[in-house]
Amino acid sequence: MPLKNSVNRLLAKLIDRPSVTASTLLLLWSLSIVLFYNVPFWQKSLGFLNPTSILQWLAVVAFGTALVAAQILVFIGLCGPRTIKPVLTIMTLMAASTHYFSLQMGTYFNADMVTNLLETDFHESRQLFTWRLLSHLILWGLIPVVIIWRYRLQRESHLWQGRGATALLSLAVLIIALLVSFQSFSPLMRNHKELRYLITPGNVIAALPKALTGQAEKLTVTRAPIAPDAQKKSVGKGSKPLLLVVVVGETQRAANWQLNGYHRATTPNLADRDDLISFADVSSCGTSTAVSLPCMFSRQTHDDYQARRARSEQTLLDIVATAGIGVEWVDNQSGCKGVCSEVETDRIAKQRFPELCADGECFDQVLVEDLKDELAEPSHQGNQLLVLHMMGSHGPAYYRRYPVEYSLFTPDCRDDELSHCSQQKIINAYDNTIAYTDFVLDQILDLLSQHDRHDSALIYLSDHGESLGEMGLYLHGLPYFIAPDLQTKVPMFWWLSPSFAANLGIDRECLKVVAQHPTSHDALIHSVLHLLNIETTLYNPELDPAANCKSRAALLPGKAA
């Protein structure tokens with residue numbers, strides 16, 4: 001009987017829901033978030049501080065206390081008896097998600113990263129949603145949410161007084177804790193600004209307004225003209241119209257390109273060509289497509305790039321169209337990030353090439369097939385700019401970017417969850433994406449070489465690089481100032497047909513020498529204006545690699561420059 005009573009009392013305690021005030025629940029939640037969901041932040045911070053004395057550890061504890069107090073101050077106004085549980089539910093699920101990506105892939109959540117998430121389409125997000133992520137969300141999201149809803153909230157006779165007292169007490173604790181931790185954490189946070197992007201859920205809360213504003217502006221802002229004076233320059237009699245193809249690569253890093261000295265034969269077809277001009281040191285404008293794509297097609301440089309300004313101004317494509325040149329954007333990706341909003345756009349339809357498309361995505365060979373149709377189009381008579389946006393090496397499911405028969409480097413990682421594969425398997429899969437890109441680009445160059453209605457040229461450049469486990473980092477999107485070269489150094493090459501080079505008066509041998517010097521995405525807009533023979537005051541020859549590579553014929557009196 002005593003045993004039965006004990007069991008009954010134990011069961012009653014388990015079934016009985018604990019009772020707390022809203023302020024106490026918020027305190028318990030804040031403590032849990034700071035201690036358990038901010039492990040990546042504490043790992044990085046302690047690595048930099050390396051505390052050894054009691055005073056140093058006291059500063060660490062004080063800073064953690066400051067984070068708890070700050071969170072209480074932020075949420076106390078939203079946490080009434082009816083709202084606290086929904087608010088904490090949303091914040092817990094958000095913290096669980098950021099905790100996973102920061103812990104597993106070294107992700108930093110700033111406005112650019114949140115923008116990437118908002119612009120991720122269904123197929124991309126599906127590849128990120130793995131069983132490992134699901135189990136993490138259950139353990140760190142769903143179960144804590146159940147615990148939150150299990151608590152019964154005590155009624156407070158003086159609700160606003162209670163919350164007001166909690167806010168005042170939290171403010172006092174925050175001030176004292178910051179004073180205690182100031183000597184250690186002030187220089188740390190000043191010298192390592194990236195650490196703020198690891199403090200969850202504050203990182204996402206701070207980034208969301210800017211990211212959402214950017215999405216809204218894309219729909220509402222009217223782009224202002226930036227080169228109304230743009231016009232085609234005349235060329236010599238008998239010259240064919242110009243066709244420039246710009247191929248935008250995706251997530252390809254220069255370090256793994258054979259053309260850039262990589263020890264593997266990842267670009268054998270391109271390496272066999274003697275008519276390419278490969279640039280040895282090219283820096284991207286950003287570490288994500290959402291930043292790099294608008295930046296490289298804007299008049300801004302990496303150093304002065306502002307996303308809001310880029311959204312309010314016309315792009316390179318608009319300048320070319322203003323000059324009376326045909327422009328088309330062909331997309332095998334998740335869109336042009338607003339760059340092509342005012343020009344003709346062809347989003348590759350999966351139904352057109354069923355043999356090259358599966359699971360809602362297409363291999364990049366569809367761009368070759370589409371180009372065949374574009375080149376045969378009788379309406380494309382004059383000068384033309386054609387932009388091809390590749391799927392390239394978009395991760396984490398690298399193996400989905402190439403047909404099985406292009407698995408040149410094995411064993412390759414054939415799993416959406418990178419943690420299931422060794423680093424070498426991941427690198428093998430990534431290198432296979434580059435080898436397949438090499439095959440596609442070689443086919444495109446063959447088509448252009450055989451095309452006789454235009455003088456043709458091609459620029460290939462990738463939007464950003466990728467981390468494949470080096471230093472514990474995966475994928476891309478790190479804040480630029482801490483991103484490794486693997487995420488910021490990208491491949492770029494030019495191909496100019498002999499007739500195109502002669503038409504524009506460009507010395508290709510000179511250009512090969514110039515290509516050994518550092519350049520960046522900043523060069524694209526000015527290079528395209530030059531190669532399409534467009535005159536405008538916006539053109540800056542200092543950023544154009546070909547500006548000083550005039551052929552002897554072009555320098556003769558009476559010849560077109």
Residues (under 30 Å from residue 504 (Cα atoms), out of contact with any strand residue (DSSP E or B) (no Cβ under 6 Å at 6 or more places or on another chain) and either aromatic (Phe, Trp, Tyr) or not assigned by the TED database to the domain that holds residue 493 (or both)) located in the stretch 411-465 = 439
Some residue of the stretch 85-94 being open to solvent by 10 Å² or more (accessible area, probe 1.4 Å) and part of a loop (DSSP other than H, G, I, E, B) = no
The stretch 413-437 residues that are free of Cβ contacts under 8 Å to residues at least 24 places away in the same chain, paired with ones that are crowded, with 24+ Cβ neighbours inside 10 Å and among the small types (Gly, Ala, Ser) (beta carbon under 7 Å, 6 or more apart) = 413/429
Residue 398 being free of Cβ contacts under 8 Å to residues at least 40 places away in the same chain and either surrounded by 23 or more Cβ atoms within 10 Å (Cβ to Cβ) or in contact with a Pro (Cβ under 6 Å, 6 or more places away or on another chain) (or both) | yes
Inter-residue pairs, beta-carbon under 8 Å, first assigned by the TED database to the domain that holds residue 248 and under 11 Å from residue 444 (Cβ atoms) and in the stretch 350-377, second polar (S, T, N, Q) and open to solvent by less than 70 Å² (accessible area, probe 1.4 Å), 6+ apart | 364/332; 364/437; 365/443; 367/332; 368/443
Under 18 Å from residue 476 (Cα atoms), open to solvent by less than 20 Å² (accessible area, probe 1.4 Å) and β-branched (Val, Ile, Thr): does that describe residue 60?
-> no
Restricting attention to the stretch 165-219, and to residues there that are of a type in the set (D, E, K, R) and open to solvent by less than 30 Å² (accessible area, probe 1.4 Å), which single residue is nearest to residue 479 (Cα to Cα)?
-> 194
May I ask you to verify whether residue 368 is at pLDDT 90 or above, over 28 Å from residue 299 (Cα atoms) and either in a helix (DSSP H, G or I) or in contact with a helix residue (DSSP H, G or I) (Cβ under 9 Å, 6 or more places away or on another chain) (or both)?
-> yes
Test residue 404 against the stated conditions and say whether it is of a type in the set (Val, Ile, Thr), outside the structural domain of residue 134 (by the TED database) and touching a residue at least 24 places away in the same chain (Cβ under 8 Å).
-> no
Could you tell me whether the stretch 259-268 includes any residue that is surrounded by 24 or more Cβ atoms within 10 Å (Cβ to Cβ) and in the same structural domain as residue 431 (by the TED database)?
-> yes
With the condition kept exactly as written, say whether any residue in the stretch 474-490 is at pLDDT below 95, open to solvent by 20 Å² or more (accessible area, probe 1.4 Å), outside any loop (DSSP other than H, G, I, E, B) and among the basic types (Lys, Arg).
-> no
Those residues of the stretch 156-190 which are modelled with pLDDT under 85, under 24 Å from residue 92 (Cβ atoms) and not hydrophobic (A, V, I, L, M, F, W, C), in sequence order | 156, 162, 163
Looking at this structure, is residue 382 in a loop (DSSP other than H, G, I, E, B) and surrounded by fewer than 23 Cβ atoms within 10 Å (Cβ to Cβ)?
-> yes
Filtering the stretch 131-153 down to residues that are surrounded by 13 or more Cβ atoms within 10 Å (Cβ to Cβ) and modelled with pLDDT under 90, which residue is nearest to residue 29 (Cα to Cα)?
-> 153
Positions within the stretch 274-286 being of a type outside the set (A, V, I, L, M, F, W, C), open to solvent by 10 Å² or more (accessible area, probe 1.4 Å) and modelled with pLDDT of 95 or more, in sequence order = 278, 281, 283
What number of residues within the stretch 220-243 satisfy the criterion of being modelled with pLDDT of 90 or more and either in contact with a helix residue (DSSP H, G or I) (Cβ under 6 Å, 6 or more places away or on another chain) or of a type in the set (Gly, Ala, Ser) (or both)?
-> 3
Can you tell me how many residues in the stretch 104-130 are crowded, with 17+ Cβ neighbours inside 10 Å, of a type outside the set (Asp, Glu) and at negative phi?
-> 15
Go through the stretch 392-428 residue by residue and tally those that are in contact with a Cys (Cβ under 7 Å, 6 or more places away or on another chain) and in a loop (DSSP other than H, G, I, E, B).
-> 3
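The values are calculated or read from the model by the stated rules, or taken from the named source; none is laboratory data. Values in this document were obtained by computation on a predicted structure and should not be read as measured data. For neighbour counting, all protein chains shown are included, and Cβ atoms are generated from backbone atoms with ideal geometry for every residue, glycine included. Remember, those area values only see protein heavy atoms, side chains included, never the ligands or the DNA or RNA. Shrake-Rupley method; radii C 1.70, N 1.55, O 1.52, S 1.80 Å.
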